[in-house]
Amino acid sequence: MSHSTSSAPPSRLRSLFQNVELVTVILLGIVSVATAYTSFQSGLYGGASDDRISRSAAKGTEAESLYLEANQQYVQDTQSILRLSDFDVLKKSADPITAFDAAAQYDELYFIGVSEDLDAAITNAAALDVSEPDFWHDPQADEDYQAALFGGYADAADESETLRAEGDRIGDQGDQLGFYTALMAITLFLLGVAAVVRRPLMQWILIAVGMSIFVVTAIGTAFIPFVWIGF
């Protein structure tokens, strides 16, 4: 009686492995679920990648617009500086009327055409001219002025590049999942063939090859983070 009890588990295990069709059906179910999951994740990654790339393109367009706007202001400031320089020379004219008119035009242009950022840059450049009289210091080379003028463009351009890089990275992961889905489909095909083959040895060979492919792809899929639609 005890001998019969101890041999029951091996007998059941032997019976399970002899029933190749049942093993194949179970494995088909597992691989089918895994394939559906991998395909679903691949679609989510593809959508997330497209979203990042689309936002990157929009941010790039915004950056270009900001650059053109800043560059236009830069050119206008250049013209204002040149005119202010001309008026500054005329202010020192020996003709009092010419000097008076030049001073009036200088003040008017400075009030209308010089922004706070450019005013600070001109002030800093004038201070440098006093400390280093042998050099002329361009107000538009002032770092704070450059940052105020082109800072918005730089931020938008950096964000565009970041979104593009993120989109490419997500897209690569989506491509990996798509590749894993294709490999799992091969496993499904091999298991399907194993289900109709009549020779047990050939069935187990097909199952072994298919499941070896599946194990490798399942491990690769596990290393790619799980995401939902809100990713």
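Read-outs throughout are calculated quantities, based only on the coordinates presented, and are distinct from any laboratory measurement. Predicted model only: the values in this text are computed from it and were never measured. Quick reminder, even Gly has a Cβ in these numbers, built from the backbone with ideal geometry, and neighbours come from all protein chains shown.
Exposure proxy ranking for Lys91, Lys59, based on other Cβ atoms within 10 angstrom of each Cβ and starting from the fewest, stands as Lys91, Lys59. Per residue, the convex hull spanned by the Cα atoms of region 144-231 measures out at 99 cubic angstrom. Which distance in nm do the two modelled labels at Asp50 and Val227 give, with both placed 7 Å along the Cα-to-Cβ direction? Each label point lies 7 Å from its Cα, and together they span 1.3 nm. A Förster radius of 41 Å combined with the Cβ-Cβ distance from Tyr37 to Asp158 puts the calculated FRET efficiency at roughly 0.70.
Which of rounded, prolate, oblate describes region 40-118, given a ≥ b ≥ c as roots of the alpha-carbon gyration tensor eigenvalues and a/c under 1.5 marking rounded, otherwise prolate only if a/b is larger than b/c? Prolate, since a/c reaches 1.5 and a/b exceeds b/c. So what's the gap between the Cα centers of region 164-231 and region 49-89, to the nearest angstrom? Between the Cα centre of region 164-231 and that of region 49-89, the gap is 50 Å. With both labels modelled 7 Å from their Cα along Cα-to-Cβ, the Asp172 to Gln73 distance reads 3.7 nm. Listed by number, the DSSP H helices of the chain that run 18 Å or longer by alpha-carbon position along their axis and have mean Kyte hydropathy of at least 1.0 are 200-222. Rg of the Cα atoms in the chain, relative to 2.2 N^0.38 Å, amounts to 2.14. At an R0 of 25 angstrom, the distance between the Cβ atoms of Lys92 and Asp134 translates into a FRET efficiency of 0.75.
Only the Cβ atoms of Lys and Arg (+1) and of Asp and Glu (-1) were treated as charged; on that basis the dipole of the chain about its Cα centre amounts to roughly 3620 debye.
Taking the charge dipole of region 65-224 about its Cα centre, with +1 at Lys and Arg Cβ atoms and -1 at Asp and Glu Cβ atoms, the residue from Val196, Thr78, Phe223 reaching farthest to the positive side is Val196.
Where is the GNM fluctuation largest for the chain (alpha-carbon springs, 10 angstrom cutoff): Leu206, Leu183, Leu90? Of the options given, Leu90 has the highest mean-square fluctuation.
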